[in-house]
1. For segment 42-65, give me each residue that is touching a helix residue (DSSP H, G or I) at 6+ places or on another chain (Cβ under 8 Å) and farther than 15 Å from Met23 by Cβ.
2. Could you list, in sequence order, all residues of segment 48-93 that are modelled with pLDDT of 90 or more and aliphatic (A, V, I, L, M)?
Amino acid sequence: MPVVPEGVRKELRELRQAYAVRMEANLQEIRQGFDQLTGPGWSPESVSRLYRLVHNLTGSAATFGFPTVTEVARPTEVFLRTLLNQKSPLAED
């Protein structure tokens, strides 16, 4: 296995830390988006926005060292894709 120079390791740590900060903000936005799935704030645009956020999280989290986030986000992405295709809000149960 090749030796990674300390400068590169430092840059990778900084990128991971910056991603973690952005991820927390994105997770907050995702939580808010889910709150709108059953209420009057539902719209195809809001579901599409939520889908894109989760899709991006699914694709990028493991790259930055958060594989569990990717594993959890993937079924959520599939659920949202299904919801997008049905084009109607969730029923409140």
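The values are calculated or read from the model by the stated rules, or taken from the named source; none is laboratory data. Computed from a predicted structure; not experimentally measured. Note: ideal-geometry Cβ built from the backbone for every residue, glycine included; neighbour counts use all protein chains shown.
1. The answer is Pro44, Ser46, Val47, Ser48, Arg49, Leu50, Tyr51.
2. If the condition is that a residue be modelled with pLDDT of 90 or more and aliphatic (A, V, I, L, M), then Leu50, Leu53, Val54, Leu57, Ala61, Ala62, Val69, Val72, Ala73, Val78, Leu80 are the ones that fit.
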